[in-house]
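Bear in mind these aren't lab numbers, they're just calculated from the coordinates by the rules spelled out. None of the values given here were measured: they were computed from a predicted structure.
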Amino acid sequence: MNHSTNGHRLKGALVGYGFIGSRGHIPAYSKRRDVDIVAVVDGCAARLELASQQIHNVRTYASVQDLFRSGLHLDFIDVATPPSDHFSISLEALRRGVHVLCEKPLTTAAGDAEALAEAAVQSHRVVFPCHNYRFAPTIRAIDDIISSGRIGRVRSVTLATFRPTHAKGVPEWNPDWRRQRRWSGGGIAMDHGSHTFYLAFDWLDAWPTSLTAKMLNSEPERWDTEDDFSATLIFPGERTAHVHMTWTAGARSVIYTLHGERGAIIARDDDIEVVTPRTNGTSGDVSWDVDRTVTSSSWMDASHTEWFNAMFDRFLTAIESHDYAGEDMLDACRCVAVIGEAYASSADACHERRLTTPSGFERRSSHPDRRPAGDIALDAPPVSAVPGV
Ligand SMILES: NC(=O)c1ccc[n+]([C@@H]2O[C@H](COP(=O)([O-])OP(=O)(O)OC[C@H]3O[C@@H](n4cnc5c(N)ncnc54)[C@H](O)[C@@H]3O)[C@@H](O)[C@H]2O)c1
């Protein structure tokens, strides 16, 4: 795998050698010929020791401060720590002139996400979120069906994420950080909300204008974060996304349904059904055609390593086209804002919260993968997504 980087192998540092860093990102980088991971940063000595054993010639550092003090030349850092540190690490890298790829959620507060977008534009460096579900074969197949026009304009979607428990971090550090607000910033909404919300934005081709949400914590004596989340998001044109995410499910599964003007898509993990009505000409009776497709997304493998490189290619395209805070980043800002407003709604007896987009952070275009060919001008001059900075 090799993206056009003018023959230059990009030098990267992975910050956080935990589950996703070591099992998701590093195996994907090892398939590329355009990237060298030259350094690993981790606050946990046992994880650094593992990185030294597993990655040839890698330098190791106990903190990003140590990394930057070393003077090592870097093109980008890949932030794969728990969310509490995403903002400070990413901001430091941008100030040092280093591009940033950052795991979801981009930050735990909307203001921090917007500050990162502004810092990216000011420093002429890209910040790009790991919104990897977009690159799962099942999601790409759904996008293709929408683009084909078979179900017409999408009017409502449901997105359900079922997990029997929270995902565990590596045992050498703090496997239960997802249930501890100090590290996670919240429970399943913070952990999984980004994936759910950017898919809803893509499928409804808009950002929501209001929401109402409810959260539950089934073990308040043990944890200070929610393990069950439901919400209704209202989109322009009275269209809706209904969301349920839970760590208390009896199975591990994602179930998405998309309802359009001329049919529906029903996806459960790898299985996709496209349901369209057919009217009998003489009787006028309606019958239903059901087309079934099976994709191969490896949903049960939480490392999602097979989705990584298509996403990384988009990060490289953003670097090459000077798209410092592009559509993916603006979506990340909206995801964090939606999560924050959902917490506020739940804390306020599910009252509806209006969602406003700060000036300069407006949606720039439709889902990039659905734009007509030729719409992406790779050699265009730098574009500021954030006017005035
Ligand atoms: N996109 C996806 O599909 C996906 C999947 C899993 C995890 N993630 C995200 O990846 C991130 C990490 O999750 P994980 O499951 O790998 O967690 P993990 O606990 O397995 O790994 C975290 C690692 O970060 C290290 N660390 C903690 N604070 C640090 C700091 N300030 N500086 C350097 N290292 C630090 C820990 O020692 C640990 O090794 C989270 O943001 C999570 O949401 C994304």
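Brief remarks on what is shown
- Antiparallel %, DSSP beta bridges [both residues in the chain], to 5: 60 percent
- GNM remark for the chain: springs join alpha carbons under 10 Å apart, and the peak mean-square fluctuation among HIS56, HIS322, HIS244 falls on HIS56.
- Linear extension gain, SER359 paired with ARG292, 0.36 nm per residue minus alpha-carbon span: 19.8 nm
- Within the straight-line cut-off of under 16 Å between alpha carbons, the aspartates and glutamates reachable from LYS11 are ASP34, ASP36, ASP75, ASP78, ASP313, GLU320, sequence neighbours fewer than 8 places apart in one chain being disregarded.
- Globularity index of region 137-294, i.e. its alpha-carbon radius of gyration over 2.2 N^0.38 Å: 1.22
- Amide H within-cut-off set for ASP176, under 5 Å, with H built and near neighbours excluded: GLY169
- For the chain, modelled as a GNM whose springs connect Cα atoms under 10 angstrom apart, the maximal fluctuation among SER194, SER70, SER346 occurs at SER70.
- Amide H contacts of ALA325: ALA385, each under 5 Å away and 5 or more positions distant or on a separate chain (H built 1.01 Å from N in the peptide plane; Pro and chain starts excluded).
- Across region 137-294, the mean sequence separation of Cα contacts (distance under 8 Å, 6 or more residues apart), normalised by length, yields a relative contact order of 28 percent.
- Once the chain from ASP224 to ALA347 is taken as fully extended at 0.36 nm per residue, the excess over their C-alpha distance is 42.9 nm.
- Computed from backbone phi, the HN-Hα couplings of region 50-59 come to 4, 4, 4, 6, 8, 10, 4, 6, 8, 8 Hz, rounded to whole numbers (Karplus: 6.51 cos²θ - 1.76 cosθ + 1.60, θ = phi - 60°; Gly and Pro given as x).
- The string of couplings for region 24-31 from the Karplus curve (6.51, -1.76, 1.60, θ = phi - 60°) is x, 6, 4, x, 6, 4, 5, 8 Hz, one whole number per residue in order, with x for Gly and Pro.
- Cα gyration tensor category, rounded, prolate or oblate, for region 305-358 with a/c compared to 1.5: oblate
- Partners for LYS168 among lysines (Cα-Cα distance below 28 Å; same-chain residues under 8 apart left out): LYS31, LYS104, LYS214
- Semi-axis lengths, Å, the chain, gyration tensor of Cα atoms, sqrt of 5 times eigenvalues: 34, 24, 21
- For LEU10, residues with placed amide H under 5 Å, excluding near neighbours: VAL35, ASP36
- Structure-based [θ]222 nm, the chain - -39500 (n - 2.57) summed over DSSP H runs of at least 4, per residue, nearest 500: -9000 deg cm²/dmol
- Segment GLU320-THR282, extension gain: residue separation times 0.36 nm, minus the distance between their alpha carbons: 7.9 nm
- Most fluctuating residue given options ALA251, ALA200, ALA136, as computed from a GNM of the chain linking Cα atoms under 10 Å: ALA251
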